[in-house]
Amino acid sequence: MEKTQSFPSREFEKLLKAKKVKKLASIDPDTITDVPNPGNMTIVYVYEVIDGDTIKVLYHSGSEVHKIDVRVKGIDTPETRRANDLEEEAGSVVGKIVSDKIHNRLIGVKFIKWGKYGGRMVGDVYLPGGKTTLSEYLLENKLAHPYTGKTKKKSWTDEELRYIIDFGHESVE
């Protein structure tokens, strides 16, 4: 079992109280083009998992800590808010699996570019240990579809969604 570091919660609390956390996601990517530490590994703290392919992280830049949303590069996972109950359940399962792997942990991210929606950064997200990306893990286990962002997303079949739900139940047992 790999050892993971926990983010020093007291340090985080002090930064929040001192209002030294800046939310980069609110910056307009059309006017601010800089990508933090582009293409290089940046150590981040995952403070929230939105779903299987979007996370919220904190990272240090100089003496400041910044908050940013990260879209995981190269994948699409089932949505957690859909009219289709089966997709919602599968989306929740993938979100839980991702959360179990990276939530409240320090991990590596290689920021690549601003995403096309709402100030998210697209990045390669690495599992603790830094050898495997989250995309590789999810694709290998058939919990995600490949996605480049340039084409329409592939629809999920009921068979795929049931597989994901079963995978989640088996990983808990």
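Bear in mind that the values in this text are calculations on the coordinates, not laboratory data. None of the values given here were measured: they were computed from a predicted structure. With ideal geometry, Cβ positions are generated from the backbone for all residues, glycine too; neighbour counts draw on all protein chains shown.
Could you tell me which of the pairs Lys73/Lys116; Lys56/Lys96; Lys56/Lys101; Lys113/Lys150; Lys101/Lys150 are separated by over 24 angstrom between their Cα atoms in the structure shown? All intermediate terms of the calculation are to be shown ahead of the outcome.
On the way: Lys73/Lys116 12 Å; Lys56/Lys96 15 Å; Lys56/Lys101 14 Å; Lys113/Lys150 14 Å; Lys101/Lys150 28 Å.
The pairs that break the limit, which is 24 Å between Cα atoms, are Lys101/Lys150.
Here the gap between Asp166 and Lys113, fully extended at 0.36 nm per residue and compared with their Cα-Cα distance, gives a gain of 15.6 nm.
The trypsin sites (Lys or Arg not before Pro) of the stretch 82-173 meeting both criteria, a DSSP state outside H, G, I, E and B (loop) and at most 14 other C-beta atoms within 10 angstrom of the site's C-beta, are Arg82, Lys116, Lys131, Lys142, Lys150, Lys152, Lys153, Lys154.
What percent do you get for the relative contact order of the stretch 63-165 when only Cα pairs under 8 Å and 6+ apart count? Intermediate results must be reported in sequence, preceding the final value.
Details: 144 pairs, mean separation 35.4, N = 103.
Reported relative contact order: 34 percent.
For Asn104 and Thr157, the FRET efficiency from 1/(1 + (r/R0)^6), where r spans their Cβ atoms and R0 equals 30 Å, is about 0.35.
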